[in-house]
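Worksheet: one structure, shown below.
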Amino acid sequence: MARRPAQAGPLNSHVLVLQTLGMMRELSPDYLRRFIEHVETLQWLEQAAPPAPAAPRPARKRASAKR
């Protein structure tokens, strides 16, 4: 919450997420804690997964010389 952008508009995604997390904290701190644990687990899994192989590039067609 401390890193809230100073001059953000009303539809700024960062501000909206912070507002939502604040409401979750007010309504159900236990739910917020479980939600944050879930997000952290997903981040850990994303970092632990091996990188996906790069998709092969399509072969370039050679231009035929018409003269």
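Filtered by the rule that a residue be within 16 Å of the chain's Cα centre (by Cα) and charged (D, E, K, R), region 28-52 gives E37, E40, E46. Number of residues in region 11-28 that are surrounded by 10 or more Cβ atoms within 10 Å (Cβ to Cβ), part of a helix (DSSP H, G or I) and not aliphatic (A, V, I, L, M): the value is 5.
Being at pLDDT below 80, among the charged types (D, E, K, R), more than 17 Å from the chain's Cα centre (by Cα) and surrounded by 10 or more Cβ atoms within 10 Å (Cβ to Cβ) holds for only one residue in R4, R62, and it is R4. Remark: pairs (first residue in region 20-37, under 20 Å from P10 (Cβ atoms); second residue exposed (fewer than 10 other Cβ atoms within 10 Å of the Cβ); Cβ separation under 7 Å; 6+ apart in sequence or on different chains) = G22/M1.
The values are calculated or read from the model by the stated rules, or taken from the named source; none is laboratory data. Just so you know, these numbers come straight off a predicted model, no measurement behind them. Note that we place each Cβ from the backbone using ideal geometry, even for glycine, and neighbour counts take in every protein chain shown.
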